[in-house]
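Worksheet: one structure, shown below.
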Amino acid sequence: MFAGYETLITTIALGAILAYSFHVVLMAGQLSLGQAGFASLAAYVATLVVPTEPLFGSLSPVIVGLPVGAAVGAAAAFLVGMPVLRLRGVFLAIGTIAFGEMVRVFMNNAEWTNGALGMRVEKWVTFDFAWIVVAVLAYLFWRLGPSRTGRAFAAVREDELAASSMGVNVVRTRMLSFTASGAIAGVYGVMFAYFYGRITPATFDFGLTVDGLITAVLGGYLVFFGPILGSGFLTAVPEIQDAVGLEAGWIHPLVTGLLLLAVILFLPGGLSTIFNRLRRVPAAPDPGRTPPDGLDPLPDRGTEIARLRGLGKAYGAVQAVRDIDLEIRSGEVLGVIGPNGAGKTTLVNMISGLEAPTSGEGEVLGVRLAATGGAHRFAQAGVSRTFQHSKLFDRLTVLDNVLVGTHAVSKSTYLRRLLWLPSARRDERRALALAWAQLERVGLADRANLRPGALSYGDQRRLEIARALAAHPTLLILDEPAAGMNHVEAAELSGLIRGLAEDGVTVLFIEHNVKMVLDTCTRLVVLNFGEVIAEGDPSEVAADPAVVEAYLGTEDIEDGEVEHV
Amino acid sequence: MAQQLANGVFAGSIYTLFAIGFTLVFGILRHLNLAHPAIFTAGAFVGIEVATRTEIPVWILFPVIAAFGALAGVLVERIAFRPLRGRDDEHFAGLISSVALGGVVIALLQARYGTEPQSFPQEYFPNQLFEFAGIRVTLTQLVTLGLALVLMLGLAWLVSATPLGRAMRAVAENPTAATVVGVNVGRVTAGTYALSSGLGAIAGALLALNLGQAGRELGASIELIGFAVIILGGLGSLWGAMAAGVILGLAEALTIHLFDSTWKSLVAFALLFAVLVLRPRGLFGHVKVREV
């Protein structure tokens with residue numbers, strides 16, 4: 001059927017495998033460029049273990065090489081990842097390039113690799129074998145996309161802080177994508193060796209890395225078959241040029257370069273953009289359905305859920321928060337007000353695990369406020385939050401944003417999805433129902449398939465609240481939720497918060513709209529210069545002279561003095 | 001030994017000139033311009049052609065190459081980066097579009113000059129040899145070092161003491177705020193690319209002058225060294241890049257002296273790797289406070 005085109009078609013498959021090793025890190029937003037090094041290590045190690053005769057008479061010996069290559073690639077990526085994954089963006093890119101080059105120079109100088117001359121092996125990879133490998137990879141990524149793990153990748157790509165506040169273990173997710181990338185690169189190295197029959201250290205150079213990255217970005221990471229599209233495109237272009245009679249030489253790279261430029265400039269998201277528009281939109285569950293079951297009950301009203309003792313936070317010489325003693329009890333709506341720079345955001349950052357206190361101690365839902373562990377542990381314990389400046393996942397739909405919120409209360413479905421276990425489908429449906437319920441709660445169900453950027457400012461704030469609610473939080477922290485809202489929207493928000501409290505959710509919220517705070521909260525804390533200056537019943541606190549002074553200043557001003565506390 | 005170290009300094013000065021193009025654009029605009037190595041190569045080829053055709057003296061040749069590079073840099077920004085501004089995938093897309101444009105530039109060089117390496121005309125530059133304290137130095141090397149020093153000092157002066165430099169620093173700090181106070185960000189962007197690519201083109205011609213010839217892979221051969229220099233020096237730090245270029249040149253020279261030239265680039269990348277892991281802001285970079 002493909003007579004005469006076997007080599008071409010196999011080349012597309014190999015290009016796609018290489019591109020998948022970039023696809024998986026791009027999905028998680030990591031610009032990792034060490035794949036050439038992983039592929040090189042895997043290919044050379046495989047030459048040591050792959051038998052020289054077909055197995056059982058006919059089976060391709062490369063079958064032994066693939067798991068070995070994947071294991072070598074994954075192990076190398078894990079070891080390199082431990083120091084390197086502290087880096088991000090261009091630093092991560094250049095650090096991983098450096099690793100790849102170190103491998104190349106090492107292989108060039110080692111004796112068992114036969115140096116720059118390289119090694120010869122049998123050409124055992126046929127085109128059907130190559131496409132079976134591609135099909136397996138495509139299947140793995142097809143099942144990954146709409147799973148809990150796939151959503152965690154996307155969340156880390158879009159915003160690491162927001163992802164960790166939703167319970168995603170960012171460090172683990174980045175390492176997972178990095179290790180998977182190493183494994184796929186390892187498979188590529190082995191496939192390459194046994195397709196071309198020869199490897200040299202120069203095979204796995206920086207040019208290979210650039211090719212893989214281009215293929216992956218060109219294909220796009222929004223659909224699972226992006227790498228195949230990219231590889232098909234890049235392999236076909238020179239062939240088509242040949243077919244239409246363009247002579248080789250400089251015209252080929254020129255046309256390829258121009259086409260690549262055109263795709264990148266005019267198709268944001270690569271070739272997959274064309275297909276992504278066809279994606280099926282998940283339908284809303286039947287109206288009137290009961291909310292999903294199996295959620296842990298919230299603690300009884302009045303239970304202590306957080307206790308802070310002498311908590312303080314210093315940034316160098318600046319003491320942002322000092323000596324805070326505070327209890328939070330289940331079911332209350334605790335308002336926090338204070339002038340700009342009073343330490344409100346620092347306080348909630350500590351309670352939600354984004355920052356560690358520098359003095360004092362505290363415990364929230366059984367998790368100690370400390371330097372280690374990360375914010376996702378707080379989210380998993382039942383703390384969920386929004387941010388002063390919305391941190392939405394811009395390239396996910398409104399519904400997908402909220403689905404990420406269910407991370408902390410759902411189980412990983414990926415491995416079960418690979419096997420089509422019904423329980424995985426049940427869990428995904430449950431997460432979907434939970435997400436829809438939150439969208440309905442904040443009144444955004446009719447905009448579920450828009451991007452956050454298409455929503456009004458007030459709707460974006462509501463979406464952030466829906467996402468936080470999807471985690472079924474015990475303690476919901478809202479950082480200036482009414483900022484930028486008009487008084488009608490603020491009143492609606494106030495109603496929503498009181499409704500949540502009736503459902504048993506404890507709410508801690510920072511707000512500058514004092515009227516709204518007084519209307520909403522059951523207890524009020526006032527911060528100034530990092531200290532609690534008043535606390536208690538809202539109307540009493542609001543009348544406290546110290547509070548009035550903090551907000552309006554003292555009367556000493558007419559004497560020409562400004563009093564600093 | 002001393003001879004090797006001297007050679008290291010000369011090589012380092014070319015690394016620095018090349019890498020400053022990367023670091024300037026990244027430091028001010030947060031673009032990693034992967035078309036830079038192609039401009040570097042083009043600088044060498046254009047220099048050779050102009051020298052061959054017109055036989056103008058060197059001190060006119062280099063301003064011509066710089067002007068060519070500056071123009072090419074402005075075009076790179078217009079074609080590969082400006083259309084992406086504001087897109088969610090601006091950073092990844094910019095890498096790919098600049099790689100693609102770099103490929104186009106190399107293809108055009110092939111169209112004009114073929115696949116054979118090009119050489120400066122015989123006797124174009126006097127091949128004089130000097131000897132100081134037992135170290136042999138060619139006139140080319142001295143001119144390279146001198147020109148690199150003058151250009152780097154000139155750049156440092158430009159960035160620290162002129163209105164354009166001030167505007168560049170403002171854009172680096174905060175483009176939106178710079179626009180608000182009246183900085184013409186479009187012009188600063190064009191100026192940054194012009195400077196970066198002008199220096200890159202000169203660096204390419206200098207390397208060709210030192211090697212005697214230039215092939216299409218000239219830029220690719222130095223690209224990774226350029227990454228190493230900008231990271232070692234701290235991304236965006238001019239003085240850091242200058243120091244790091246020379247440090248790398250010396251480290252390579254020492255490796256060749258102590259081991260073997262095949263290990264040369266391992267040292268550069270091992271150094272780079274170690275610095276990234278132990279001190280990500282580079283040897284001379286500033287601490288950037290992460291925003292929450």
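Within the range A:312-357, the set of residues being assigned to a helix (DSSP H, G or I) and touching a Leu at 6+ places or on another chain (Cβ under 9 Å) comprises A:LYS344, A:LEU347, A:VAL348, A:MET350, A:ILE351. Among B:GLY154, B:GLY146, B:GLY73, B:GLY86, which is the only one that is surrounded by fewer than 18 Cβ atoms within 10 Å (Cβ to Cβ) and closer than 30 Å to A:LEU26 by Cβ? From the options B:GLY154, B:GLY146, B:GLY73, B:GLY86, the qualifying one is B:GLY86. The residues in the range A:105-137 that are touching a Phe, Trp or Tyr at 6+ places or on another chain (Cβ under 6 Å) and within 14 Å of another protein chain (Cβ to nearest Cβ) can be counted, and the count is 1. Which condition number in (1) away from chain B (no Cβ under 14 Å); (2) among the hydrophobic types (A, V, I, L, M, F, W, C); (3) within 20 Å of the chain's Cα centre (by Cα) is the one that A:LEU31 fails? Unmet for A:LEU31, out of (1) away from chain B (no Cβ under 14 Å); (2) among the hydrophobic types (A, V, I, L, M, F, W, C); (3) within 20 Å of the chain's Cα centre (by Cα): (1).
For the range A:241-259, residues that are among the aliphatic types (A, V, I, L, M) and away from every other protein chain (no Cβ under 12 Å) total 3.
Scanning the range A:499-515 for residues that are under 34 Å from the mean Cα position of the chain (by Cα) and either part of a helix (DSSP H, G or I) or at positive phi (or both) returns A:GLY499, A:LEU500, A:ALA501, A:GLU502, A:GLY504. Within the range B:94-128, being away from chain A (no Cβ under 14 Å), over 21 Å from A:GLY207 (Cβ atoms) and at pLDDT 85 or above holds for B:GLN118, B:SER119, B:PHE120, B:PRO121. Every listed requirement among (1) assigned to a loop (DSSP other than H, G, I, E, B); (2) away from chain B (no Cβ under 14 Å); (3) in contact (Cβ under 8 Å) with a residue 40 or more places away in the chain; (4) not polar (S, T, N, Q) is met by A:PRO51 save one, (3).
Inspection of the range B:140-159 identifies no residue that is away from chain A (no Cβ under 14 Å), over 21 Å from the mean Cα position of the chain (by Cα) and over 30 Å from A:LEU258 (Cα atoms). Scanning the range A:370-389 for residues that are surrounded by fewer than 22 Cβ atoms within 10 Å (Cβ to Cβ) and aliphatic (A, V, I, L, M) turns up A:ALA370, A:ALA371, A:ALA381. The sole residue among A:ALA70, A:ALA77, A:ALA43, A:ALA39 that is over 28 Å from the mean Cα position of the chain (by Cα), away from chain B (no Cβ under 14 Å) and either modelled with pLDDT of 90 or more or not in a loop (DSSP other than H, G, I, E, B) (or both) is A:ALA43. Taking B:ILE202, is it under 12 Å from the mean Cα position of the chain (by Cα), at pLDDT below 90 and under 30 Å from B:GLN141 (Cα atoms)? So B:ILE202 fails the test. Scanning the range A:197-228 for residues that are touching a Ser or Thr at 6+ places or on another chain (Cβ under 8 Å), surrounded by fewer than 23 Cβ atoms within 10 Å (Cβ to Cβ) and within 17 Å of A:THR10 (Cα to Cα) turns up just one, A:PHE225.
Among the residues of the range B:238-288, those that are buried (at least 20 other Cβ atoms within 10 Å of the Cβ), modelled with pLDDT of 80 or more and not aliphatic (A, V, I, L, M) comprise B:GLY240, B:GLY245, B:GLY249, B:GLU252, B:THR255, B:PHE269, B:PHE273.
The values are calculated or read from the model by the stated rules, or taken from the named source; none is laboratory data. From a predicted model like this one, the values you see are computed outputs, not experimental measurements. No Cβ is skipped: glycine too gets one built from the backbone with ideal geometry, and neighbour counts run over all protein chains shown.
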